[in-house]
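Beneath this line is the structure, given in structure tokens, with notes to follow.
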2 protein chains.
Amino acid sequence: MTRLSELGESHVLSRILGHNRDGAHVIVGPGDDAAVTALSGNLVSTADMLVENEDFTRDWLDWHRLGIKAAAQNLADVCAMGAVPHGLLVSLAVPDDTDIADLEALFTGILAEASRAGSELGCEVPIVGGDLSSSGLIVVAITALGTVGPGAALTRSGARPGDAIHLAGTVGRAAAGLDLLFARDELRERALSEITAPDPASTVRSRLTDTGEPELARLIAAQLAAQPDYAAVPRMAGRASAMIDVSDGLSTDLRRIADASGVHAALESAALDELVDDLMPAVRFLFGDGTDAEDRAAPGSAAARREFALEWVLNGGEDHGFVATAAPDLPPPVGWRRIGEVTAGSGLSLDGDDLPTSGFSHFGK
Amino acid sequence: MTRLSELGESHVLSRILGHNRDGAHVIVGPGDDAAVTALSGNLVSTADMLVENEDFTRDWLDWHRLGIKAAAQNLADVCAMGAVPHGLLVSLAVPDDTDIADLEALFTGILAEASRAGSELGCEVPIVGGDLSSSGLIVVAITALGTVGPGAALTRSGARPGDAIHLAGTVGRAAAGLDLLFARDELRERALSEITAPDPASTVRSRLTDTGEPELARLIAAQLAAQPDYAAVPRMAGRASAMIDVSDGLSTDLRRIADASGVHAALESAALDELVDDLMPAVRFLFGDGTDAEDRAAPGSAAARREFALEWVLNGGEDHGFVATAAPDLPPPVGWRRIGEVTAGSGLSLDGDDLPTSGFSHFGK
């Protein structure tokens, strides 16, 4: 193992950036005071950071997937503007004793996700710059750059009454995955406190890995590092009146479109049924099938159990689905599903009932 | 006092960004998934982060100057490419219990420095995006964007034998200021351990504030938040063959030009005399005038005392001076001084003697 402190910053950077491939648009790449890149159209820029123990924990997330997660949340924001990614700047703070191999795994994760976005969207997405600092906590701060044609940017403010509301990708999976991960930790602690063999929790625990039972694994994987459906965006871009990356929850992010556009967003629960179905394995895992006396404070009725999953769908963040509004005259493109409609008014409703504000904020409220 | 945790992230951001003024080139400002800006020429981008207890300490640095420091180090990198700043993205991680007034002071510091750069360079430098996260440690991660005409970017690799080496701004002040700050802390501790009145250290200590004795104050100010001479850059840009922002120390950064250009950089100590003179008040403060028995392990001779200051000049970082190489046929423009010449070969020398590698690295070596 080679620790960061044993090599210099510049040696580490050149080793790490050896994995990077400059795009054809890169005139001056990493290694000078700043990068220089050739751009056509307008510049799109966004920044998001991940902080250890706030946004992720090393107990759950390996370095490679931390890289995927950090890149994805930034690239999704660029794409949600109807833009094409152009490059990334990566500022990292990590402990002195970090293994260089871990740092390389983080960078290859970032580059793998950038490359996936690039191949889905027909562009090159190199790392063009960044910084490496020492810190007690891991912080990954990424800026994603993109380009969009003049007048082609998709903001949150263009939704009009009569538009249909469409979703690409999923919502709720990452939130269900988070509850599964908490449950796994609880099971592990329970197993450690019961010195009995064979460990009754171990079978259950082994189902809860990202390579374990597929229905649960994909939910956990969505929490650890969701991979947005970038390719869906250009199929909708020409038609959309507004678009947003769903990072804080469907209700929160759709409300942002409603607020910015001065309209009401009416969700239809029937259109969310498949998304709820998708999460029922997590409900069954967490609460059993309702017949076992061991089942934990389980929602009683089948309806209450679906309600539990619907909460994830409405308020869970981090899946990085995309929501778009568009004139209702055409069916949604491949990869998109209709989930409601825009009407005159304000705020958000589900089947006509007002939905309260929820979703994620770093500082509560 | 209103703490961050009492308001939501979005309320805090809108309050803070109330201080921000969009530039005329901003099509979509902060508040959407990403910013959209109109750009002419090529895009310049760079990212640098400041981490609490690594790059600064709250004991020394107030929030406003933390903002200035964070903005300046990024803006200097953009300018060192011969570019004009275009905008900033600011990702912040701060503790939950941070006072909103402190956060506002940080942002007004960033905006004040961006505005200073803008007025020196005739451009608008708005904050176009960013992120706000919770963290035990303060982390300020900034990306600075800029624009440069096609073919006009100044890299590190264009220096040619025969070029003169020029410096704008200062080097060594921030390093001397750092040693003064450490000395102040030592004096404070000594004063606390000697329960005598009147406190003999208090007089000395009062000289060591950023509003105290001017000769020392400006050194401390350079450490806390150096303010680069942005305006000097365009006066040199048309002539320069290479340019760099001196952030890690004159020897380290000039060596980067030598390495990238495949040349030798020959510094002349006589040309550095004024820079050394500038730091002698700090030597006198730290070591006395050499006549007092109380004087600490002081360099003995006058020559040794100047040598001590020369170390700061050669190896001290964070002043954010600019070094440029240019054909020697013209005297340096206003704000620039000649400090040496480029010759064939490699590495760095002072008056013909090879200089070893030094300067700052986050991870040693």
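Read the figures in this text as sums done on the coordinates, not as results from a lab. Fair warning: this is a prediction, and the values are worked out from it, not measured in the lab. Here the Cβ is made from the backbone with ideal geometry for all residues, glycine too, and neighbour counts use every protein chain on show.
Taking amide hydrogens as modeled 1.01 Å from N in the peptide plane, which residues meet the under 5 Å criterion relative to B:ASP319, leaving out close sequence neighbours?
B:GLY172, B:ALA174
What percent does the relative contact order of chain B come to when contacts are Cα pairs within less than 8 Å and at least six residues apart?
Working: 783 pairs, mean separation 80.7, N = 365.
Across chain B, relative contact order equals 22 percent.
What are the membrane-span-like helices in chain A by this rule: whole DSSP H runs, Cα extent along the axis at least 18 Å, mean Kyte-Doolittle hydropathy at least 0.5?
Details: long enough: A:63-79 (24 Å, 0.15); A:100-121 (31 Å, 0.65); A:173-193 (30 Å, -0.11); A:273-287 (20 Å, 0.60); A:302-315 (20 Å, 0.10).
Passing helices, by number: A:100-121, A:273-287.
Using helices alone, I'd like the mean residue ellipticity at 222 nm for chain B: each DSSP H run of four-plus residues gives -39500 (n - 2.57), total over residue count, nearest 500. Let's see the in-between values first.
Values: 10 runs with 136 residues, N = 365.
Calculated from helices alone, the mean residue ellipticity at 222 nm is -12000 deg cm²/dmol.
Does chain A come out rounded, prolate or oblate, given a ≥ b ≥ c as the square roots of the eigenvalues of its C-alpha gyration tensor, rounded meaning a/c under 1.5 and, failing that, prolate meaning a/b above b/c?
Working: a/c = 2.31, a/b = 1.07, b/c = 2.15.
Judged from the Cα gyration tensor, chain A comes out oblate (a/c at least 1.5, b/c at or above a/b).
What nm distances, shortest first, do you get from the label point of B:ALA303 to those in the other copies when the point sits 7 angstrom along Cα to Cβ?
Nearest to farthest, the other copies are at 9.6 nm.
Every other copy gets compared here: list the nm distances from the B:THR2 label point (7 Å along Cα to Cβ) to its counterparts, shortest first, one decimal.
5.1
Between B:HIS86 and residues 5 or more places away or on another chain, which pairs have amide H atoms under 5 Å apart, with H built 1.01 Å from N, and which residues are they?
B:LEU145, B:GLY146, B:THR147
Hey, got the dipole for the protein assembly as shown? About the Cα centre, +1 on K and R Cβ, -1 on D and E Cβ, debye to the nearest 20? Let's see the in-between values first.
Details: 54 positive and 108 negative charges, 328 e Å.
With Lys and Arg at +1 and Asp and Glu at -1, about 1580 debye.
Extending each Cα 7 Å along its Cβ direction at A:ALA327 and B:ASP59, get the distance between those two points in nm, one decimal.
A separation of 6.6 nm, rounded to one decimal place.
If we hang a label 7 Å off Cα along the beta carbon direction at B:PRO328, how far is it from the matching labels on the other copies, in nm, shortest first?
7.9
What does the structure give for B:125-136 when I average, per residue, the other chain Cβ atoms found within 10 Å of the residue Cβ?
Working: counts 0, 0, 0, 5, 8, 7, 12, 4, 10, 8, 11, 6.
Mean shielding count: 6.
Let me know the whole percent of all Cα-Cα pairs from the protein assembly as shown that are separated by more than 49 Å. Kindly include the intermediate steps, with their values, before the conclusion.
Details: 58510 of 266085 pairs.
For the protein assembly as shown, the share of Cα pairs beyond 49 Å comes to 22 percent.
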